[in-house]
Each structure stands twice: as C-alpha cells, then as structure tokens.
1. Once both labels are modelled 7 Å past Cα along the beta-carbon direction, what's the residue 87-residue 27 spacing in nm?
2. What number comes out for the charge environment of residue 384, summing +1 per Lys or Arg and -1 per Asp or Glu over other residues with Cβ under 15 Å away?
3. What is the distance in Å between the Cα centroid of region 317-369 and that of region 115-175?
4. Can you compute the helix-only [θ] at 222 nm over the chain? Use -39500 (n - 2.57) per DSSP H run of at least 4 residues, normalise by all residues, nearest 500 deg cm²/dmol.
5. How big, on average over all directions, is the shadow cast by the Cα convex hull of region 107-171, in nm²?
6. With a Cα-only, solvent-free Debye model of the chain, what are the log10 I(q)/I(0) values at q = 0.07, 0.14 Å⁻¹?
7. Going through region 33-88, which GluC sites (Glu not before Pro) have at most 12 other Cβ atoms within 10 Å and a DSSP loop state?
8. Under 13 Å from a point 7 Å along the Cα-to-Cβ line of residue 325: which residues of region 364-379 have their amide N that close?
Amino acid sequence: MSSTVITGIGELVTCDGTGPDRLGIKRDAAVVIDDNLIAWIGAAAEAPAADTRIDIEGRTIIPGFVDSHSHLVFAGDRGAEFAARMMGKPYDGGGIGVTVAATRAATDDELRRLLAARIAELQALGTTTIEIKSGYGLTVHDEVRALQIAGEFSGETTFLGAHVVPAEYAEDRAAYLDLLVGPMLEAAAPHARWIDVFCEPHSPHAFDAEEARHVLTAGAAAALGLRVHGNQLGHGPGVLLAVELGAASVDHCTYLDHTDIDALAAAADATVATLLPGVEFCTRSPYPDAARLLAAGVSIALATDCNPGTCYSSSMPWVISLAVREMGLSPAQALFAATAGSAQSLRRTDIGRLVIGNRADLAVLDAPSYLHLAYRPGVPIARALDLHGIAH
Ligand SMILES: [Zn+2]
C-alpha cells in the first residue's frame with residue numbers, strides 16, 4: 001500500500017479530547033496516511049517522506065463527520081407532506097406508511113441507485129461514516145433486502161422493523177410484534193449490527209414502553225446492539241428504557257425531564273444522547289437544550305436523521321450550525337459531538353478522532369478554521385478528503 005503525506009494544513013482539528021475544548025487543534029501540522037490508517041501526526045517541518053504528497057493550501061482538516069442516525073434506503077417522494085406541515089398540518093408519524101408503500105414497490109436496483117446517490121451527496125458534505133436503518137419495508141423480505149443493500153455501503157446497519165406498525169397490522173399489533181421478534185428478526189440479524197425501535201406512545205403508529213422493551217430484549221438476545229428513538233414527540237419512556245437496557249444511543253431526546261437527564265448523565269460512558277436538530281427544524285418543533293445536557297455530564301452526539309419525512313437533509317455542517325444557533329452549543333462542542341461524540345454512539349474508537357492508528361477518515365474545509373462550519377450556514381465548505389477514490 002502507498003503512503004500519503006498531507007501538508008499545507010492551516011488548522012488540524014483532531015478531536016482527540018485534549019485541550020480546553022477537547023478539539024486537540026494543531027497548527028503547522030502534517031498527517032501521514034499509510035494503508036488507509038493515520039500513521040503519523042506532527043510538525044510539518046518534521047514530516048517523514050511518503051509516496052504521495054497532497055498540499056491543501058492552508059485549508060482546515062477535521063475528522064470526517066460520523067452521521068450515526070439515518071434512514072437512507074427508501075423510494076418515493078414526500079415533498080407535498082413537508083409543504084403541508086409548513087402550512088400547519090401536525091406530524092404524528094403517519095407519513096412513514098407512504099414511504100413504506102413506495103419502498104416495497106421499488107426494485108432492488110432502484111433502491112441501490114437511490115442509496116448510492118444519497119451516499120455520494122453526504123460524502124460531498126464531509127461525512128465519512130453513515131449509519132443506515134431499515135424500517136421502510138416492514139415485511140421479512142423487504143427489511144432483509146433494505147439491510148443487504150445498506151450493507152453494500154456501510155457496516156453500520158440497523159434493523160428498524162419496529163419503525164411503525166404497518167397498515168395491514170393496524171388492527172392486530174400483537175401479530176406484528178410476533179412477526180417482528182420472530183421470523184423478521186431472525187432473518188434480519190445476520191445483516192445488521194444494531195436494532196432500533198421507535199418508542200413513542202404519542203404516535204398511534206409507533207411502539208409503547210412495553211412493546212419497545214420486548215423488541216430490544218429480543219434484539220439483544222440475537223446479539224444486536226441497541227439503539228432507541230425516544231422522547232421525540234413528547235415526554236415518554238424511551239430514554240429511561242434505553243439507559244436501563246444499556247443501549248448505545250437514545251436518539252431525538254427532544255422532551256426530557258430531570259429524571260431522564262440524571263439517568264443519561266449517570267450512564268454517560270454507555271448511552272449517548274443523540275440530538276437531531278434537523279428534525280426540529282423541519283417539523284417546526286422545540287429544540288432540546290443541548291447545553292444543559294452537557295452541563296449535566298451527558299454524552300451527546302449530533303446526527304442528521306436523514307429521512308424522507310421529518311428531515312430530508314444529509315448535511316452534517318447544517319446540523320452543526322443548527323446546534324450552535326438553536327441548541328446552545330459552542331462551535332467546538334458541536335463539532336466534537338458530530339465526530340467523536342457520534343463515534344461513541346456507534347461504540348467506535350477507530351473513527352471520529354484523528355489519532356495514530358485510527359482510520360484515515362478526513363474531511364477538508366475550504367476555510368481557515370472549523371468555526372466556519374457554524375459561521376457559514378448552508379455554504380458547502382466541507383467535503384470528505386478522497387485519497388484513493390475509494391468510498392466506504
Ligand atoms: Zn430516525
């Protein structure tokens with residue numbers, strides 16, 4: 001394998017946890033990459049020789065974004081639903097059924113083509129790791145094929161058969177639960193790293209605490225890691241359930257009380273609160289108070305929740321700008337949450353931080369510092385640094 005030295009780095013943001021802001025910023029630094037791993041970081045003047053040299057001419061290098069929550073395998077279009085919601089129609093999770101119908105009707109090649117285009121889009125925005133959930137198939141066949149297609153693009157695949165109860169089971173939820181934790185889980189588990197559940201008693205389409213516990217317990221027994229959609233539409237049991245069962249992440253956390261925050265703080269090494277402010281933006285909902293969570297000692301992550309209903313954006317820079325503008329995070333806290341924080345939510349230590357031995361997943365910013373991520377909302381300054389033309 002060939003080695004590459006990256007020079008001309010105006011600001012190197014390692015997110016290695018050091019320094020007052022945990023960003024581990026280095027100036028006049030160089031990075032050497034060997035066999036797709038970070039082999040050396042140090043002063044540019046002392047950089048060892050390498051086969052290839054890339055001069056980035058004063059730009060900023062950051063860890064590639066880790067987007068730890070997405071629903072990218074789908075077909076169909078819900079632009080009209082978004083427009084109606086902006087004109088005052090409330091969201092209750094029911095639009096998922098529209099995407100389920102369109103996704104079931106799509107061919108494998110169509111789903112693969114749509115997913116590939118979305119992956120290219122997010123890499124062009126600086127994301128180098130993407131978690132991808134199933135959940136728009138909701139039959140054994142359609143969930144398995146969604147996970148198989150997702151697995152062609154990412155190792156972080158999540159079985160979300162517990163997204164909603166599909167329309168054909170609306171009158172018999174128990175039968176769907178039996179299918180979900182039985183044949184569907186058995187078929188899906190070999191193609192998934194995680195299991196997730198939309199625990200939301202405020203939605204008639206989603207799952208209550210007892211149902212969610214049943215799904216997660218079955219998933220754990222099938223050796224899947226646990227993730228939870230919780231406390232999105234109102235205060236609910238999702239956060240406490242996630243902490244109790246040792247989930248790696250509980251996502252949304254829009255409505256939290258003191259008990260939830262205390263539990264998340266006590267479980268900060270195990271369970272990450274993943275915040276998805278793009279959803280609040282696109283559903284015109286109140287934002288969670290991320291600064292309060294950090295002050296309490298909670299581990300937080302930022303992700304897009306890119307999906308066709310409540311946030312059709314794969315832009316992590318936009319999520320960072322929302323987190324700073326609307327949730328009280330500093331630009332440093334937001335960048336850390338979008339890289340090292342979201343890596344923690346996937347229980348990964350080889351990504352999200354630029355340290356020797358980690359994956360060489362780098363993003364480059366057309367900017368003199370990382371501050372421009374929040375400072376220049378909507379401007380495409382970030383992109384994944386493509387060393388070898390290999391997507392992963
Ligand atoms: Zn989601």
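1. Taking the two extended label points, one gets 5.4 nm.
2. Counting the neighbours of residue 384, the net charge comes to -1.
3. Their Cα centres are 24 Å away from one another.
4. Values: 15 runs with 126 residues, N = 392.
Only helices count here, giving -9000 deg cm²/dmol.
5. About 4.7 nm², averaged over all directions.
6. -0.30, -1.18
7. Answer by residue number: 57.
8. Within reach of a label on residue 325, which here means backbone N under 13 Å from a point 7 Å along Cα→Cβ, region 364-379 contributes 373-379.
The values are calculated or read from the model by the stated rules, or taken from the named source; none is laboratory data. Given the structure is predicted, the values throughout are model-derived calculations rather than measurements. Every residue, glycine among them, receives a Cβ derived from its backbone with ideal geometry; neighbour counts consider all protein chains shown. Just the protein is used for accessible areas: all its heavy atoms, side chains included, with ligands, DNA and RNA removed. Shrake-Rupley method; radii C 1.70, N 1.55, O 1.52, S 1.80 Å.
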